[in-house]
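Everything below concerns the one structure shown next.
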Amino acid sequence: MSFFIEVVAGGLLAGVMYSLVALGFVLIYKASGVFNFAQGSLVFFAALTFVSLTERGWNLWLALGVTLLAMVVVGILIERTVLRPLVNQPPITLLMATIGLTFVLEGASQLMWGSQPHGLELGIPDVPIEWLSQQWNINISQFDLFAAFVAGLLVAVLALFFQKTRIGRALRAVADDHQAALAVGIPLQHIWAIVWAVAGFVALVAGVMWGVRNGVQYALTFTALKALPVLILGGFESIAGAIVGGLIIGAGEKLAEVYLGPFVGGGIESWFAYVIALLFLLVRPEGLFGEKIIDRV
Amino acid sequence: MLYREAGQFKSTYAADQQLFPILQDRIAVLALLVVAFVVVPLIGNQYWFSAIITPFLVLSLAALGLNILTGYAGQLSLGTAAFMAVGAFMAYNAMLRVPHMPILGAFAIGGLCAAAVGIVFGLPSLRIKGLYLAVATLAAQFFVLWAINRIGWISNYSSSGVITAQRMEIFGYPIEHSRDKYLLTLLIVAVMALAAKNLMRSETGRSFMAIRDMDVAASVIGIPMMKTKLLAFAISSFYCGVAGALYAYCYLGTVEPEAFTLDLSFRVLFMIIIGGVGSILGSFLGAAFITLFPIFLNFISGWMEALLRVEMSHAVVSNAEAMIFGGLIIFFLIVEPNGLARLWQIAKEKLRLWPFPH
């Protein structure tokens, strides 16, 4: 039993990491209807910039601040140069543009900082929590718990930002209806720039967390692929969906790996998440928390 | 002056409905085919055949397949490379396990297997649409590669799933030289492109387009949703499967499953976006652009090094190339979101009026 709990808890905590990446997708999709495939590259870019700065002997917080600034600038630049000229194009064109963006971002970050892998340390050890393993014989990593806490904090901050601030309310208005938002005088393009900046911030958080976990290397860009099943499961428009979806995918994936993997030869984590998401989608085609699709002729 | 349909009267329905109704188009297509079948084999060399033209043709076929699904039937797919992988590995198995298997038969079997897999992964399209479907097709991408890596039978228990294409032979004539491989590829691609062009203006193609434009309206006027969508997946996957088999047999020779990663799917998707969504010609133009551009960039960087007398490290060059490639794709999407095929159409309109534009 304790093994089962350990697997589920480990899965849930891994799922939180997926949610962190998925959050960035959701923010941009909600506000501008762009499926931002470049989120994974943004994560990579942020993590690489941060780790390179710290390795050059910068103070941790200073490096964090500078990286955040860089992410905001990158976000605004992307909105200016890529998405503004593509307004009103079909979603597939926008998707392709963001895939093109991944090439640019990955090339730029490796050109700037080199392509060798880095380790990242935040001072939180990746070891099991002692009293849990002694008392209940359950191994849960201290760092995973910290990551979950950060994710929770991030969601809380985002929720506050969206609910309480003026900009947040404008963001929600834009997400609901672009034209109505324009009509009441919300500057659409400022809002999009802000959303991209916020997505850059989320990418930084996700990048640092994933960087500590797996090291900062090119493979970090694949985190986006990990986040995709989470997205279709939770629904593209829902922050809550990104969290719940991440938890379901994380737990399901771990359980399948442990209990199903040995029968089919292992390595199923590359596609099993998609199977879970597809099963959910067959029941609810718009994801768990996505906006209901109404067909009109 | 030269290119206009004025004066070309059609006196029969057959003449009115032919594939290329304008005389100049017919001449141009014929000339192109003559060049491709006769002139190119005479003047081309090994490098051109094996590194440029053959991959271009193979990827055009894959792009054509994806264009049938995405451009005509409106179902976004990111799993193209997986269907190509199915085609390649199943053609290999057909050659391996069936005695005296003709090579074209093996390609067809590869395509049919890909079509079957396509139908299975097309099933979610009955429930989910748009970007959700696109992400769902990623399942095909990851599952198929996993299966090929795990199930030893598919790659005949070779280490890490690498297969080597068998010797090809048509009616006793061995196909070994890169020129012969080019001609075989060209023949298959030309026939399949013609078939696609015709199919898309038949009832099937029209029902695909109806579903693309508005699926609810299409089902209201009596187009069977399930049959048509799955048919689109099947035809598209068949094309991709044959392309995959050609990729293995005529281009690479030795293939590992990792040749068919998501990267390849994206490249094929880029081809149809840059070439033109919903256009047969666009598939070819896009494939030409995407295959030729990296080669061109390589040349440029070589010249730059010689010109500036600086030694650039390989990593720098490849990163810079990636950046330019991505940037150019974005630039293309911004200036011509409808792709190269649209440019060609505009050119045709202009030509029609030239030299008196009023």
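Values in this text are rule-based calculations from the coordinates and carry no lab data. All figures in this text were calculated on a predicted structure; none of them were measured in a lab. All Cβ positions, glycine included, derive from the backbone under ideal geometry; neighbour counts span all protein chains shown.
Give all pairs with beta carbons closer than 9 Å in which a residue from the stretch B:140-161 that is free of Cβ contacts under 8 Å to residues at least 12 places away in the same chain and away from chain A (no Cβ under 12 Å) meets a residue that is part of a helix (DSSP H, G or I) and crowded, with 21+ Cβ neighbours inside 10 Å; count only pairs at least 6 apart in sequence or on separate chains.
No pair meets every condition.
Which numbered condition in (1) facing chain B (nearest Cβ under 10 Å); (2) over 13 Å from the mean Cα position of the chain (by Cα) is the only one that residue A:219 fails?
The one condition residue A:219 does not meet is (1).
Quick one: which residue in A:204, A:182 is at negative phi, hydrophobic (A, V, I, L, M, F, W, C), assigned to a helix (DSSP H, G or I) and without any contact (Cβ under 8 Å) to a residue 12 or more places away in the chain?
Values: A:204 fails: without any contact (Cβ under 8 Å) to a residue 12 or more places away in the chain.
When all the criteria are applied, what remains is A:182.
Somewhere in the stretch B:260-279, is a residue within 25 Å of residue A:84 (Cβ to Cβ) and outside any helix (DSSP H, G or I)?
Yes, the stretch B:260-279 contains at least one residue that is within 25 Å of residue A:84 (Cβ to Cβ) and outside any helix (DSSP H, G or I).
Examine the stretch B:312-319 for a residue that is closer than 29 Å to residue B:272 by Cβ and under 23 Å from the mean Cα position of the chain (by Cα), and state whether such a residue exists.
As a first pass, look at the stretch B:312-319 and keep what is closer than 29 Å to residue B:272 by Cβ: B:317-319.
Filter once more, keeping what is under 23 Å from the mean Cα position of the chain (by Cα): none.
Looking through the stretch B:312-319, none of the residues is closer than 29 Å to residue B:272 by Cβ and under 23 Å from the mean Cα position of the chain (by Cα).
Scan B:277, B:255, B:189 and give me the residue that is surrounded by 15 or more Cβ atoms within 10 Å (Cβ to Cβ), within 19 Å of residue A:91 (Cα to Cα) and in contact with a helix residue (DSSP H, G or I) (Cβ under 8 Å, 6 or more places away or on another chain). Don't jump to the end; show me each part of the working.
Working: B:255 fails: within 19 Å of residue A:91 (Cα to Cα); B:189 fails: within 19 Å of residue A:91 (Cα to Cα).
From the options B:277, B:255, B:189, the qualifying one is B:277.
For the list (1) buried (at least 24 other Cβ atoms within 10 Å of the Cβ); (2) farther than 27 Å from residue B:137 by Cα; (3) not small (Gly, Ala, Ser), I need the number of the one condition that residue B:260 fails.
(2)
Quick check, is residue A:272 within 20 Å of the chain's Cα centre (by Cα), without any contact (Cβ under 8 Å) to a residue 24 or more places away in the chain and crowded, with 19+ Cβ neighbours inside 10 Å?
Values: within 20 Å of the chain's Cα centre (by Cα): yes; without any contact (Cβ under 8 Å) to a residue 24 or more places away in the chain: yes; crowded, with 19+ Cβ neighbours inside 10 Å: yes.
It is true that residue A:272 is within 20 Å of the chain's Cα centre (by Cα), without any contact (Cβ under 8 Å) to a residue 24 or more places away in the chain and crowded, with 19+ Cβ neighbours inside 10 Å.
Looking at the stretch B:314-327, is at least one residue over 21 Å from residue B:287 (Cα atoms) and touching a residue at least 12 places away in the same chain (Cβ under 8 Å)? Steps first, answer last, please.
Within the stretch B:314-327, the first condition is being over 21 Å from residue B:287 (Cα atoms), and the residues that meet it are B:314-317, B:319-320.
From what's left, touching a residue at least 12 places away in the same chain (Cβ under 8 Å): B:317, B:320.
Yes, the stretch B:314-327 contains a residue that is over 21 Å from residue B:287 (Cα atoms) and touching a residue at least 12 places away in the same chain (Cβ under 8 Å).
Within the stretch B:70-90, can one find any residue that is of a type in the set (Phe, Trp, Tyr) and surrounded by fewer than 24 Cβ atoms within 10 Å (Cβ to Cβ)?
No, the stretch B:70-90 contains no residue that is of a type in the set (Phe, Trp, Tyr) and surrounded by fewer than 24 Cβ atoms within 10 Å (Cβ to Cβ).
Just checking: which of the helices (runs of 4 or more DSSP H) contained wholly in the stretch A:233-297 hold 2 or more residues that are acidic (Asp, Glu)? Talk me through it step by step, then tell me what you get.
Numbers: elements: A:239-259, A:261-264, A:272-283.
Passing ranges, in order: A:239-259.
Against the definition (more than 22 Å from the chain's Cα centre (by Cα), assigned to a helix (DSSP H, G or I), surrounded by fewer than 21 Cβ atoms within 10 Å (Cβ to Cβ) and β-branched (Val, Ile, Thr)), how does residue B:120 come out, yes or no? Explain how you work it out, then say what you get.
Details: more than 22 Å from the chain's Cα centre (by Cα): no; assigned to a helix (DSSP H, G or I): yes; surrounded by fewer than 21 Cβ atoms within 10 Å (Cβ to Cβ): yes; β-branched (Val, Ile, Thr): yes.
In short, no.
Out of all the residues in the stretch B:200-215, which are within 14 Å of another protein chain (Cβ to nearest Cβ), free of Cβ contacts under 8 Å to residues at least 24 places away in the same chain and either under 19 Å from residue B:283 (Cα atoms) or not in a helix (DSSP H, G or I) (or both)? Full working, then the answer.
Here is the first cut: in the stretch B:200-215, the residues within 14 Å of another protein chain (Cβ to nearest Cβ) are B:210-215.
Among the residues that remain, those that are also free of Cβ contacts under 8 Å to residues at least 24 places away in the same chain are: B:210, B:214.
Passing the criteria: only B:214.
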